[in-house]
Structure formats: C-alpha cells, structure tokens
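The values are calculated or read from the model by the stated rules, or taken from the named source; none is laboratory data. Predicted model, so just to flag it, every value in this text is computed and none were measured. Counting neighbours? That spans all protein chains shown, and the Cβs are built from the backbone with ideal geometry, glycine included. Accessible surface is based on the protein model in full, side chains and every heavy atom, while ligands, DNA and RNA are left aside. Shrake-Rupley method; radii C 1.70, N 1.55, O 1.52, S 1.80 Å.
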Amino acid sequence: MYKGFAVSAALLLLVASGATAVGLVQHQATGLLGKNGVTVVGDGAAGNINALTTDISQLGTHRPTHTTAFQGTTGALMQSAGAVGMVGFFDVDQVAYGGGWQTQVPASGLQGQDLNAWLAQDVTKIGGQGSALGLQTFVGVQTQLTFTPWGGSANVQGIGVSLYDAVGGGPGGGMQVAGGADISAGQY
C-alpha cells in the first residue's frame, strides 16, 4: 500500500511541476504606420516631418521554476518630405510600416522574433523650376533574455533601412521617381 502511494505521489508531483513550468508565456506585437507628404502647385515651398516611436517590454518571473524572462522591442520611424519650386507641380507621397512580434515560453525553450520594415515613396516634378525630395528611415531592435537555474539564453536582432529619392531641374519637363524598400529579420 505504501509503495503504490509513493509512486502515485511522485507521478502527481511530476505532472504538477510540468504543468507549472509552462506558466510563463510572453507574447508582444507592435507596429508603426506613417503617411507623410507635401505638394506645391505654382510657386512656393513646403516641408513636413513625421516622427513615430515605439518601446514595449515585458518582464516575467515564474517562481516555482525560478525562471525570469524579458523581451522588448524599440523602434523609430522618421519621414521627411520637402519641395520648392516656381510655376510647376512638385509632390512627395510617403507611406511606411515598421514593427514586429516576439514570443517566448521559457519552459519549452521556445523563442521567436520577427522584425519588418516596408517603405515606399513617389517624388514628382511636372513643369516649372525647382525640386522635391523624400527621406524615410526605420530603425528597430528586439531583445529576448531568459534566465533559469541551469543557464540563460538571449536573442537580439536589429534592422535599419533608409530610402531617399529626389527630383529637380530647370524650366519645363517632368519626372517622377518611385522608390521602395522591404527588409525583415527573424529568429525562431
């Protein structure tokens, strides 16, 4: 009778400790979406700057397994558009996205990260004399750290991308430059 009880108690403790080990699960996602631009028709000058930032983090401790886990994402998206001209049409249209997600389950050793940036812009000059330009930049960094009594692990990744397009010239004529950039990084 005692032997059967000891096996049952050991089995119950094993199942209970396995169930509590999954108790720390972290998931986060963030994104920056920016739209920016300027237009000059006739004579004039215009400039516009759009700056967006994100900074999110999670810190968790699972007491039964003495596990501590941290994850964080930091990113910045900067858009700048400018135009100056006489007797013409000068235009800059910008759209951009930067962001990603992270998940970690320390008990299973699961850590996943994905960080993306997508930038697009059109810069146009029709007639007249002058110029238009657009500049966009995204920089992002993701960090995951896990510490247990048996060791630790770290996943760190970052991306940085810039896009610059410009048109300009003397009287008359027309031109358009369409630029784009798409970059991503991931660890699984």
Exercise. From 172, 168, grab the single residue that is surrounded by fewer than 12 Cβ atoms within 10 Å (Cβ to Cβ) and either within 25 Å of residue 121 (Cβ to Cβ) or touching a helix residue (DSSP H, G or I) at 6+ places or on another chain (Cβ under 8 Å) (or both).
Key: 172
Quiz item: Just to be sure, is residue 75 open to solvent by 10 Å² or more (accessible area, probe 1.4 Å), among the small types (Gly, Ala, Ser) and either without any contact (Cβ under 8 Å) to a residue 40 or more places away in the chain or part of a strand (DSSP E or B) (or both)?
Solution: no
Self-check item: Qualifying residue in the range 84-105 (condition: open to solvent by less than 30 Å² (accessible area, probe 1.4 Å), among the aromatic types (Phe, Trp, Tyr) and assigned to a strand (DSSP E or B))
Solution: yes
Quiz item: Residues in the range 142-165 that are open to solvent by 30 Å² or more (accessible area, probe 1.4 Å) and either within 28 Å of residue 92 (Cβ to Cβ) or free of Cβ contacts under 8 Å to residues at least 60 places away in the same chain (or both): how many?
Solution: 10
Quiz item: For residue 39, are the conditions met, namely being under 30 Å from residue 186 (Cβ atoms), of a type in the set (Val, Ile, Thr) and open to solvent by 10 Å² or more (accessible area, probe 1.4 Å)?
Solution: no
Quiz prompt | Cβ-Cβ under 9 Å pairs, at least 6 apart or on other chains, the range 22-42 side hydroxyl-bearing (Ser, Thr, Tyr), far side part of a strand (DSSP E or B) and open to solvent by 30 Å² or more (accessible area, probe 1.4 Å) | solution = 30/55; 30/56; 30/101; 39/46; 39/89; 39/93
